[in-house]
Each structure stands twice: as structure tokens, then as C-alpha cells.
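The structure appears right after this line, and notes come after that.
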Amino acid sequence: MANSIEEATKAVEELECSRDTVFGKERDATLKKMAEAVLKLVPDADNLKDAVERANVLSIRGRAMGVIPAESRDTKECDMLLSKSVKMNPKCVATWNALGHLRWEQSKLKDALAAYDGGLESVPNNKIALRNSALILRSLGGKENIEKAVERSKAALALDFSDGVSWYTHGMVHLSKYFCWTFNQADLRAALKAFNLSDKQCESRNPDVAFNRGQCQQYMILWEEALEGISKAIEIDPTFTEAINAKADIETFFETITRKWNCYAGYNERDPFKA
């Protein structure tokens, strides 16, 4: 039984990794198929006498279900499995993280933050809980929350400077810091540096990194670089609607500027007072 639980644990860890690296039109179908394969590996918790083993099985099942797209899963059951597991084994940070992610997807930000904080109580140096809770604090907004987000993103980076996802998180919280109150170009430069390092460190191409780097460059009036970055995001994920709209806006801006410039140049050519 221990071997089957170990096999299922490894499989669900690979599944959660795929959630962050698989993009495109077939993403949902691919993740659903992978999750269903993992669920077949999970033993029946009712046949286990050891409380920790039962908690682990409930955790694996809940974590696998959580990767299935929302419209194809029983979210209520998934939450119940993960909640029951952390009550039985509150030291399992992976379960807390899965519960936080599930509630985050439902826009239950305060509940999601509480779950990540529950994991950090057991394992204070867990980079996943630190960076995800930083993004939630960023979404909650307000100077105090964003200052906490910056500190948590720094803590996640301190644990592993080679982690591209942590660099991405660091970039996002600096963007929020800029727009929330500083309006300091130093925060935009810090965000851009973090996105560049994220892109360098990520083993798989991430459309969110490319898009937000492009957005950052747009705020810095680096239009050509911004268009290149946003176009890259669409190349990675052709279904990325926000990036598609952003690219169209930049192209419209370029067309408007070019048209006005051409009109101005044409007017000067007709100017009878032109030297």
C-alpha cells in the first residue's frame, strides 16, 4: 500500500507541475486526461487504518481533482477532500497549497490566503506558499497588503534564486507597488528585471511572463519591445484573449500615430510659407 501511495504522490506532483507549464487550445482536455489517470492510481482511503496514510490519500485525490478544469470537476467535493486532509494532517504543506489554489480559482481570496498561511505555519520556508500568498495579497490591494506581498516574494526568492516562477511573482508585486502608490520608475525597472530573469530561468515558455513583461515595457514607453513581448505571449498561447486585445490596442496606436504623422508631413509639403 505504501508503494501505491508513493507512486500516486509522485504522479500528482507531476500533474501540478503540468498545470503551470501546459498552455494552448488543448490545455483543459490534456489536464483533465492527466488528472483522471492520476485518480486511477489513488487507493481507497476507507481501506486504510493509519490516519496519516488516509490523510495522504485524501490529499492526493483532492489535489488531482483540483487540476481538472472547474467546469469538469466537483469543486465542492474537492474542497471537502482537501479540508478533511489538512485537519487530519495539518503539517502537510502541499495539501494547504492545493486548498489555497482551489479557493483562489474561485476568487475566494481571503479563504485562499488563510489556506496558504496555514501551510506556512507548519513550513515557514515553503516557496510555493510564500509566492502564491504574495500574489493574493497583491490582488487584495492596499499599501499594507502589497508591502507584505513584496516581503513574501523576496522570501520565496531567497529560498531559490533560480526559480523562474518566484521571479515572475516578484515582478508582479513590483508592478502593483508602482500602481498602488509609488509611481516610481525604479519599481517598473525592478519588475522588468524580474520578468527577464523569470523568462531566462523558466524551463518552459510561459505566456504570462511574456505578456506582463510586455505590459511593463508599455508603461515604460518601450513600444516595440512591448509589442514583441505581447506577440510572444500569443505565440505561446493563441487563446490568450487579454494579450490579443493588448496587441490590437498597440497596433491601433501605431496606426493612428503613423496616420497623423503622414498628414502632418503632407501638410508641410503643401505649406506655401515653407522655406
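The values are calculated or read from the model by the stated rules, or taken from the named source; none is laboratory data. Predicted model only: the values in this text are computed from it and were never measured. With ideal geometry, Cβ positions are generated from the backbone for all residues, glycine too; neighbour counts draw on all protein chains shown. Surface areas here come from the heavy atoms of the whole protein model, side chains and all, with no ligands, DNA or RNA. Shrake-Rupley method; radii C 1.70, N 1.55, O 1.52, S 1.80 Å.
Classify the stretch 187-247 as rounded, prolate or oblate, taking a ≥ b ≥ c as the square roots of the eigenvalues of its Cα gyration tensor: rounded when a/c is under 1.5, otherwise prolate if a/b is larger than b/c and oblate if not. Working shown, then result.
Values: a/c = 2.21, a/b = 1.12, b/c = 1.98.
It is oblate, given that a/c is not under 1.5 and a/b is not larger than b/c.
With runs of 4+ DSSP H residues as the only contributors, calculate the mean residue ellipticity of the chain at 222 nm using -39,500 (n - 2.57) per run, divided by the residue total and rounded to the nearest 500.
On the way: 13 runs with 208 residues, N = 275.
After summing the helix terms and dividing by residue count, I get -25000 deg cm²/dmol.
I need to check one value: relative contact order of the chain, counting alpha carbon pairs closer than 8 Å and at least 6 residues apart, in percent.
Working: 368 pairs, mean separation 29.1, N = 275.
Relative contact order for the chain comes out at 11 percent.
Suppose R0 equals 35 Å. What FRET efficiency, 1/(1 + (r/R0)^6) with r the Cβ-Cβ distance, do PHE179 and ASP28 give to the nearest 0.05?
Details: r = 31 Å, r/R0 = 0.89.
Rounded to the nearest 0.05, the efficiency is 0.65.
Rounded to the nearest 0.05, what FRET efficiency do GLU235 and LYS49 have when you use their Cβ-Cβ distance and R0 = 51 Å? All intermediate terms of the calculation are to be shown ahead of the outcome.
Working: r = 52 Å, r/R0 = 1.03.
So, using R0 = 51 Å, E works out to roughly 0.45.
Apply the Karplus curve 6.51 cos²θ - 1.76 cosθ + 1.60, θ = phi - 60°, to the phi angles in the stretch 74-89 and return the couplings in whole Hz, x for Gly and Pro.
Per residue, the Karplus-derived 3J(HN,Hα) values read 9, 4, 4, 5, 4, 4, 5, 4, 5, 5, 5, 5, 5, 5, 7, 9 Hz.
How big is the stretch 90-153 by Rg and Dmax over its Cα atoms, in Å?
Cα radius of gyration and Dmax of the stretch 90-153 are 10.6, 31 Å respectively.
In Å², what does the accessible area per residue of the stretch 47-96 work out to with a 1.4 Å probe?
Working: 2420 Å² over 50 residues.
Normalised by residue count, the accessible surface of the stretch 47-96 is 48 Å².
Going by average Cβ neighbours within 10 Å, how do the peptides 31-44, 205-218 rank, with the highest at the top?
On the way: 31-44: 16.7, 205-218: 22.6.
Top to bottom by mean Cβ count within 10 Å: 205-218, 31-44.
What is the distance, in nm, between label points placed 7 Å from the Cα along the Cα-to-Cβ direction at TRP223 and at LYS91?
6.0 nm
Across the stretch 126-196, how many lysine pairs separated by 8 or more positions, or lying on different chains, have Cα atoms within less than 19 Å? It would help to have the intermediate numbers written out before the result.
Details: LYS127/LYS148; LYS127/LYS154; LYS143/LYS154; LYS143/LYS177; LYS148/LYS177; LYS154/LYS177; LYS154/LYS193; LYS177/LYS193.
Here the count comes out as 8.
If one puts a single equal scatterer on every Cα of the chain and applies the Debye formula without solvent, what log₁₀ I(q)/I(0) results at q = 0.07, 0.09, 0.17 Å⁻¹?
-0.33, -0.50, -1.37
With the Cα gyration tensor of the stretch 141-203 giving a ≥ b ≥ c as the square roots of its eigenvalues, does the rule (a/c under 1.5 for rounded; else a/b larger than b/c for prolate; else oblate) give rounded, prolate or oblate?
oblate
Once you have the Cα-Cα distance between LYS143 and LYS76, take 0.36 nm times their residue separation minus that, and quote the gain in nm to one decimal. Spell out each step's value before the answer.
Working: separation 67, 0.36 × 67 = 24.12 nm, distance 3.33 nm.
The span from LYS143 to LYS76 would gain 20.8 nm if fully extended.
Considering only protein heavy atoms, what is the solvent-accessible area of MET220 at a probe of 1.4 Å, reported in Å² to the nearest 10?
40 Å²
Take the solvent-accessible surface of the protein heavy atoms, probe 1.4 Å, and return the percent of it on the chain that carbon and sulfur atoms account for. Please list the in-between numbers first.
Working: 7650 of 14990 Å².
Of all accessible area on the chain, carbon and sulfur atoms account for 51 percent.
Quick one: 3J(HN,Hα) in Hz for the stretch 226-234, Karplus 6.51/-1.76/1.60 with θ = phi - 60°, rounded, Gly and Pro as x.
Rounded to whole hertz, the list is 4, 5, 5, x, 5, 5, 5, 4, 5.
Quickly rank 122-131, 21-30 as a protection proxy: mean count of other C-beta atoms within 10 Å, highest first.
Values: 122-131: 19.6, 21-30: 13.5.
Highest mean packing first, the order is 122-131, 21-30.
Using mean Cβ contacts within 10 Å as the protection proxy, how do 108-121, 138-151 order, highest first? Numbers along the way, then the final one.
Details: 108-121: 19.1, 138-151: 17.2.
Going from most to least packed, we get 108-121, 138-151.
Does the stretch 110-224 come out rounded, prolate or oblate by the C-alpha gyration tensor, with a ≥ b ≥ c the root eigenvalues, rounded set by a/c under 1.5 and, if not, prolate when a/b is larger than b/c and oblate if not?
Working: a/c = 2.17, a/b = 1.37, b/c = 1.59.
Oblate, since a/c reaches 1.5 and b/c is not below a/b.
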